[in-house]
Structure formats: structure tokens, C-alpha cells
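Q: Structure below; questions to follow.
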Amino acid sequence: MKNEDSPANTTGKEFYLWLVSLLWVACFFTAMAAVYSSFESRQAMQQLELLRRDADRMSVISGQYMLEISSWGAYSRVEKIAKKELKMVSPETAQTVLVYRR
């Protein structure tokens, strides 16, 4: 009869216990890595959303600035400033000279 407490059987049990322990540790670290990866993914998505909101806000501001710049160069505004601040007047018909291009 085989004795269950024989050295060969004990070594097999120790190996099995060691293997199961190793697998549990590997599962634990894999689970922790999955949790960490999920956390990092959420952080990155939050940052991306924040940057998208900033980009949208800056796009609106840029459009407003473009509109303001175009209004500064409008003919009516330039004419108004020329008459009011620089005291310029439009020449009379007799004072105008036509220049023809050859």
C-alpha cells in the first residue's frame, strides 16, 4: 500500500500549493492592472473632454475676434474716422482728376 505521507506525495502537494498560490498572485496583479488601466482611461477621457471644451470656447472667441477685425476695416468706419478725427473731406468734382492706365 501506498502511504499518503510519503516524500514523493508531499512534494507533489507542495508543488500544487505553490502553483495555486502563484496563480492567485498572478490573478490579483492582473486584476489590479485592469483597475489601474480603467482609472487611467477615465482620467484621459476627462482630460480630452476638458480640452475639447477649451477648443470650442477658443473657436468661439476666435470667430468673435475675426468679426471685430473685419468691422474695424469697414469702409463706413474708416470714412467716419477720416471725417471726424482727421478732418478730411471728399473732394469736389472740379478737384478730381481721372488717371487712365495705358
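The values are calculated or read from the model by the stated rules, or taken from the named source; none is laboratory data. Note that the structure is predicted; figures quoted are calculated from it, not measured. Methodologically, a virtual Cβ is constructed for each residue, glycine included, from the backbone with ideal geometry; neighbour enumeration extends over all protein chains shown.
Q: Tell me, yes or no, whether segment 65-74 has at least one residue that is modelled with pLDDT under 95 and of a type in the set (S, T, N, Q).
A: yes
Q: Sticking with this structure for a sec: Would you check which residues across segment 48-72 are among the small types (Gly, Ala, Ser) and either over 30 Å from ALA82 (Cα atoms) or surrounded by 10 or more Cβ atoms within 10 Å (Cβ to Cβ) (or both) and list them?
A: Selection gives ALA55, SER59, SER62, GLY63, SER71.
Q: Further question on the same structure: Hey, any hits in segment 4-18 for a residue that's out of contact with any Gly (no Cβ under 8 Å at 6 or more places or on another chain), among the basic types (Lys, Arg) and loosely packed, with under 10 Cβ neighbours inside 10 Å?
A: No, that holds for no residue.
Q: Is it the case that some residue within segment 25-39 is part of a loop (DSSP other than H, G, I, E, B) and out of contact with any helix residue (DSSP H, G or I) (no Cβ under 9 Å at 6 or more places or on another chain)?
A: no
Q: A further question on this structure: Looking for something part of a loop (DSSP other than H, G, I, E, B) and among the polar types (S, T, N, Q) - is there at least one such residue anywhere in segment 41-60?
A: no
Q: Which residues, taken from segment 75-88, are exposed (fewer than 10 other Cβ atoms within 10 Å of the Cβ) and modelled with pLDDT under 90?
A: If the condition is that a residue be exposed (fewer than 10 other Cβ atoms within 10 Å of the Cβ) and modelled with pLDDT under 90, then TYR75, SER76 are the ones that fit.
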